[in-house]
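Beneath this line is the structure, given in structure tokens, with notes to follow.
The values are calculated or read from the model by the stated rules, or taken from the named source; none is laboratory data. Bear in mind the structure is a predicted one, so any value in this text is a computation, not a measurement. Reconstructed Cβ throughout: ideal geometry from the backbone, glycine too, with neighbour counts over all protein chains shown. Calculation scope for accessible area: heavy atoms of the full protein, side chains included, ligands and nucleic acids excluded. Shrake-Rupley method; radii C 1.70, N 1.55, O 1.52, S 1.80 Å.
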Amino acid sequence: MRWPKRVVALAGVITIVMLALFVRVQVDTDPESMLSADAPVRVLNDEIRTTFGTRDMVVVGLFSDQSLVTASDIDAAVVFHDDVSAIDGVAEDTMISVRTAIADGGPQTDAAAQAIAEEIAVDPLLAGNVLSADGDTFAFFVPLDDKSDAVPVSDEIDRLLDESAELAALERHVAGLPLAQEAFGDQMFVQMAVFAPMAGVAIFALMLVFFRRVVLVGPAMLLALLSVIWAMGLLIGTGNTLHIMSSMIPIFLMPIAILDAIHVISEFFDRYGRLRERRAALRTVYDELAGPIAFTTLTTVVGFAALALTPIPPVRVFGVFVAIGVAVAWLGTLTILPAVLMLVKESSIAKAVGDRAAGDGRFAGVVRRLPIGASRHRLPVLLGAGVLAVLSVPLIGTIEVNDNPVNWFRPGQEVRVATERLNDELPGTFGASLYIRADDASLMVSDDTVAAIAALQAVWEDDPIVGTSASYVDLTGGATGDEATTALAGAAQASSLTATLITPAGDRANIRLQLRNGDNQAMQSVLDVTAEQLEAMPLPDGVSAEWGGETYLNLVWQDEMVEGMLTGFLVTLAIVLVLLGILFRSVVWALIGIAPVLWTIMIVYGTIGLIGKDYDMPIAVLSTLVLGIGVDFAIHFVERFRELRADLGSSIAAIEAFAEEP
């Protein structure tokens, strides 16, 4: 209050510095980043890529209402394959299509085209994958140098199809996890850029309804905006990438950051109306609210900082920098807010207070009657709340932990439509790998190993989730021992795809699965079926199996997220209870303060169970958000209620007096 211009100028300089850091932003939409770099599944996936030369893929599907097994259509597919292979970002050596079955150019006659289709139908690696059984669908599996190439490669594929005289008229779809992840990341950042300002506008409009004057609403909104800029600037400036999770910080932080400012401005209205002197009103307000504001900030900071306990790096970053943003908002409430209020013309403040004193409107009247009505009818209210809490318990038990990047899109969006279409017509677009290690190459082709893997593939063939599987056993024709080794050597000379299934040394193998469903629960079902089969018919000693692949990785990080978020929530709850006990100097009042927050969380999650919403990443953060914000209201209410009850000697009178306050 003594040097308002200096405070505002310093805040402006810091803001400019933070904005300047935005140019260093690096975006990361890769789900692998949800796990630390040394997570076993990430290490294994890297080993699979290095050992077998496998790549993340996009899948191109071309659909017709008549057979594509003609010389002209297959020749066009061969030309398209070669053109796609030449696109920057495509790993051409392992691209798979009908072209894979053709040594030279396309067929010259329809009879030759039919012969190619028959050859594909008996090829263990191509059958049902690159050409549908009825011959009306082509599929092209396009490997990427890097999954970040998915969108530009997809765009170039569309251009090539548009220019193809034979293929342009066919129904086309491009799908694949890398494309879904990139597309979702792009849309997420665009929507955050739209909805974060929209949230700010909505908050601004609500505050105008309550405070009536822009001159007093403006400082609070400015404070919320600065907290977002400073938090995001620090996040980017410290070298953290902007992940899908951290892109949500502005929309989470905006309503939280403004809470303390609303408390101060509300109380300032009341005090200024009585004292009619700005500096005295501000001193009175901060003398009364400094303690509660500090504790509400501390509990909210703890709530989000506890996310640092989760094993998911982007969630840790999210929690830490929301906590930093809340701390910045608290500091700004103590420094920037009074400085700005001191620079506003006092005549404008007097007019704003006068306007509000003339009437708070119908909404404010309803809000003020709520606590009075609830206190007078406390038994029905408490009984109703208890019934809702009890009813929510079984509903919470119905919530299922599940995620699928394709389901992040609304029905009807191209990425989702393409995936569903390809999964209906082809063996599936979701990949997983069962990595086989043998102590000795001879074990890999032993009778027991070959029999176990063949039996496992037979089980998968009957599983509706598994579209197809490919293993080195498919290339041996059922042979074992030296015969199998000879068959694999011949297969390696005939096709480069053999190297994606077994190493030249023969001691490591990659069983590739294509799944029709990318849900975590679908992947878990495949894991369960596999474990059951391997228990019934185990691999021999010296041979081990381990899961990898993108779909499996999604399952792993979802499981870790659930466990980590639960741990973070329980730790937060314990710390908040301790802080409330310290603030209120009473365990009973601490429990009373936390009870409405826990009730709200139960109702929210009960509603999620009722509507059948799966438990995913944003839902996981919800409990911490509710706890962080809810405790703020609890602290202010309990503190003021205890003061009023001590002064008035009655709980009902205290609640009625509280309802009349700003």
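Observations on the model:
- When Phe63, Phe52, Phe80 are screened for being surrounded by 14 or more Cβ atoms within 10 Å (Cβ to Cβ), touching a helix residue (DSSP H, G or I) at 6+ places or on another chain (Cβ under 9 Å) and farther than 30 Å from Ala499 by Cβ, only Phe63 passes.
- If you check Phe641, Phe633, Phe584 for being more than 23 Å from Phe321 (Cβ to Cβ) and open to solvent by 40 Å² or more (accessible area, probe 1.4 Å), only one passes: Phe633.
- Verdict on Val153 being open to solvent by 50 Å² or more (accessible area, probe 1.4 Å) and outside any strand (DSSP E or B): no
- If you go through region 469-489 and keep only what is surrounded by fewer than 21 Cβ atoms within 10 Å (Cβ to Cβ) and of a type in the set (S, T, N, Q), you end up with Thr480, Thr485, Thr486.
- Given (1) surrounded by fewer than 16 Cβ atoms within 10 Å (Cβ to Cβ); (2) free of Cβ contacts under 8 Å to residues at least 40 places away in the same chain, number of the condition Val626 does not satisfy: (1)
- Comparison of Glu461, Glu483 shows that the only residue that is free of Cβ contacts under 8 Å to residues at least 12 places away in the same chain and within 33 Å of the chain's Cα centre (by Cα) is Glu461.
- Within region 332-349, tally of residues that are in contact with a Pro (Cβ under 8 Å, 6 or more places away or on another chain) and open to solvent by less than 10 Å² (accessible area, probe 1.4 Å): 4
- Within region 490-539, being more than 30 Å from the chain's Cα centre (by Cα) and surrounded by fewer than 14 Cβ atoms within 10 Å (Cβ to Cβ) holds for Gly490, Gln493, Ala494, Ser496, Pro504, Ala505, Glu532, Glu535, Ala536, Pro538.
- Set Ile74, Ile14, Ile116, Ile102: member being over 30 Å from Gly564 (Cβ atoms) and modelled with pLDDT under 90: Ile102
- Unique residue being surrounded by 14 or more Cβ atoms within 10 Å (Cβ to Cβ) and either aliphatic (A, V, I, L, M) or in contact with a helix residue (DSSP H, G or I) (Cβ under 6 Å, 6 or more places away or on another chain) (or both) when the list is Ile16, Ile96: Ile96
- Any hit, region 409-422, residues being at pLDDT 90 or above and either buried (at least 16 other Cβ atoms within 10 Å of the Cβ) or in contact with a Lys or Arg (Cβ under 9 Å, 6 or more places away or on another chain) (or both): no
- Restricting region 594-618 to residues that are free of Cβ contacts under 8 Å to residues at least 60 places away in the same chain and within 17 Å of Ala389 (Cβ to Cβ) leaves a set whose member that is most open to solvent (accessible area, probe 1.4 Å) is Pro596.
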